[in-house]
Amino acid sequence: MSARVPVYDTGMLIALADRKAKAVALHNGLRAAPHRTLVLGPVLAQVWRPRPASIHALAAVLKDCTVPQTRTSEPAMRKTRAGRPECIACANGPDVIDWRRIGAALGEAKLPPKKKPDAVDAWVALSAVKHGSAVIFTSDPEDIEAYLAVLNPGDVHVQAV
């Protein structure tokens with residue numbers, strides 16, 4: 001696949017729930033990507049709150065996204081004329097080695113001052129790395145870049161929102 005896999009962190013989902021113009025424009029531009037935007041379950045859990053306005057906004061966003069290994073989520077790959085391909089990285093959940101890599105990233109990342117290690121951010125970074133070619137949309141680019149520096153990705157980019 002030549003297109004980068006879009007990955008949202010918590011900050012991007014918050015921006016979308018708040019209907020921030022830049023985040024909405026970026027999200028709308030990703031609707032045609034072959035791989036749906038990746039939203040990890042813990043990222044969604046950090047944002048989801050029982051307020052009608054945010055639930056409505058997030059439910060609309062999630063129609064264009066995939067939450068890996070969840071029964072009611074949209075599939076990772078959009079249909080093509082040849083059928084629907086599978087995303088191996090989304091189909092297979094993290095294993096023990098992945099959790100060890102996340103732990104190592106938490107311990108080794110050179111985070112900005114006053115920032116504490118965040119396992120969800122490290123998992124977002126590793127998920128992007130496992131896809132091979134990805135772009136992470138985040139409100140904390142320095143945090144994500146610190147984890148990526150440890151994980152040494154080949155083709156992962158960070159886009160601030």
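No other residue among Asp118, Asp140 is among the charged types (D, E, K, R) and modelled with pLDDT under 95 apart from Asp140.
Quick check on the stretch 89-105. Is at least one of its residues over 15 Å from Val120 (Cα atoms) and either open to solvent by less than 50 Å² (accessible area, probe 1.4 Å) or in contact with a Cys (Cβ under 8 Å, 6 or more places away or on another chain) (or both)? Break it down into steps so the answer makes sense when it comes.
Going residue by residue through the stretch 89-105, those that are over 15 Å from Val120 (Cα atoms) are 89-92, 95-97.
If we keep only those that are either open to solvent by less than 50 Å² (accessible area, probe 1.4 Å) or in contact with a Cys (Cβ under 8 Å, 6 or more places away or on another chain) (or both) as well, we get 89-90.
Checked the stretch 89-105: at least one residue is over 15 Å from Val120 (Cα atoms) and either open to solvent by less than 50 Å² (accessible area, probe 1.4 Å) or in contact with a Cys (Cβ under 8 Å, 6 or more places away or on another chain) (or both).
In the stretch 36-53, is there at least one residue being part of a loop (DSSP other than H, G, I, E, B), of a type in the set (A, V, I, L, M) and either under 23 Å from Asp155 (Cβ atoms) or open to solvent by 50 Å² or more (accessible area, probe 1.4 Å) (or both)?
The first filter runs over the stretch 36-53 and keeps only residues part of a loop (DSSP other than H, G, I, E, B), leaving 36, 39-40, 48-51.
Next cut, of a type in the set (A, V, I, L, M) only: 39-40.
Still in the running and either under 23 Å from Asp155 (Cβ atoms) or open to solvent by 50 Å² or more (accessible area, probe 1.4 Å) (or both): 39-40.
The answer is yes; a qualifying residue exists.
Against the list (1) touching a residue at least 60 places away in the same chain (Cβ under 8 Å); (2) among the basic types (Lys, Arg); (3) touching a strand residue (DSSP E or B) at 6+ places or on another chain (Cβ under 8 Å), the condition Lys20 fails is (3).
Across the stretch 145-159, the qualifying residues are those that are of a type in the set (Gly, Ala, Ser) and open to solvent by 40 Å² or more (accessible area, probe 1.4 Å), and the one among them that is farthest from Val120 (Cα to Cα) is Gly154. Summed over the stretch 67-84, the residues that are out of contact with any Lys or Arg (no Cβ under 9 Å at 6 or more places or on another chain), in contact (Cβ under 8 Å) with a residue 12 or more places away in the chain, over 11 Å from Leu38 (Cβ atoms) and in a loop (DSSP other than H, G, I, E, B) give a count of 2. Looking at Asp121, is it of a type in the set (D, E, K, R) and in contact with a Ser or Thr (Cβ under 6 Å, 6 or more places away or on another chain)? In short, no. Checking the stated criteria, Val135 turns out to be closer than 24 Å to Ala17 by Cβ and touching a His at 6+ places or on another chain (Cβ under 7 Å).
Within the stretch 87-114, the set of residues being within 13 Å of Leu148 (Cβ to Cβ), of a type in the set (Lys, Arg) and assigned to a helix (DSSP H, G or I) comprises Arg101 only.
Once the stretch 115-144 is narrowed to residues that are part of a helix (DSSP H, G or I) and of a type in the set (D, E, K, R), the residue that is surrounded by the most Cβ atoms within 10 Å (Cβ to Cβ) is Asp121.
The values are calculated or read from the model by the stated rules, or taken from the named source; none is laboratory data. Remember, predicted model here, so these are calculated numbers, not experimental data. Every residue, glycine as well, gets a Cβ built from its backbone with ideal geometry; the counts of neighbours run over all protein chains shown. Ligands, DNA and RNA are stripped out before the accessible areas are found, and what is left, the full protein with its side chains, is counted by its heavy atoms. Shrake-Rupley method; radii C 1.70, N 1.55, O 1.52, S 1.80 Å.
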